[in-house]
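Let me begin by presenting the structure, written as structure tokens, before commenting on it.
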Amino acid sequence: LVRSRGLGDVYKRQHYYNAVADGMRTAVTGGTCRRAAIPGIEVCGKTGTAQNPHGKDHSAFMGFAPYKDPKIAVAVYVEGGGWGATFGVPIGSLVMEKYLTGTIAPERRYMEEQMLNMTLYYAAPKKK
């Protein structure tokens, strides 16, 4: 059984955990979270896009690593960031990598620079 607090027994069953974790792993190996892949670490993740009636949609990402023995879980929400893979995935992936390895791999430093130098512009809500 997976340890949980305050959840019904159905959520504690290993079967459900494994199915969700497998799906999240697949999202990184060949789905919307491909940019979350960290060399030598099996990352699991899920993107999200929250609609915003007042402007650009919000970017979301939830992930954990390593797959079989998680040491870190992250949740990233970027207001006005657009698709989940645009900002949420790279930010979450970089946080996990830095925590797990203490550094960012040379082949992924471009992503770190991209996130550090990106600017989001927020427009005032449209008047009705």
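For the reader, a short list of remarks on this structure follows.
- For the range 40-128, size of Cβ-based charge dipole, Lys and Arg +1, Asp and Glu -1, in debye: 420
- Förster radius 25 Å - calculated FRET efficiency between L116 and A75, Cβ distance, rounded to 0.05: 0.80
- Taking the charge dipole of the range 24-83 about its Cα centre, with +1 at Lys and Arg Cβ atoms and -1 at Asp and Glu Cβ atoms, the residue from A65, I41, G82 reaching farthest to the positive side is I41.
- If you run the Gaussian network model on the chain, springs between alpha carbon atoms under 10 Å, then out of R35, R13, R25 the most flexible one is R13.
- Treating each Cα of the range 46-116 as one equal point scatterer and applying the Debye formula with no solvent, the log10 of I(q)/I(0) at q = 0.22, 0.28 Å⁻¹ comes out as -0.91, -1.18.
- Label-reachable residues, the range 20-36, where backbone N falls under 12 Å from a point 7 Å from L100's Cα toward its Cβ: 25, 28-29, 36
- Projecting label points 7 angstrom from Cα along Cα→Cβ for R109 and Y67 puts them 2.9 nm apart.
- Evaluating 6.51 cos²θ - 1.76 cosθ + 1.60 at θ = phi - 60° for every residue in the range 80-89, the Karplus couplings come out as x, x, x, 4, x, 6, 6, 10, x, 4 Hz, glycine and proline recorded as x.
- Share of Cα-Cα pairs in the chain lying beyond 18 Å, as whole percent: 57
- Annotation: amide H-H contacts under 5 Å for I72 (H modelled 1.01 Å from N, sequence separation of 5 or more, or interchain): A65.
- Debye equation applied to the C-alpha atoms of the range 23-64, log10 I(q)/I(0) at 0.17 Å⁻¹: -0.47
- Highest-MSF residue in the chain out of T49, T103, T29 [GNM, Cα springs under 10 Å]: T103
Read-outs: derived from the displayed coordinates by stated rules, not from any lab. What you see is a predicted model; the values in this text were computed from it and never measured. Note that we place each Cβ from the backbone using ideal geometry, even for glycine, and neighbour counts take in every protein chain shown.
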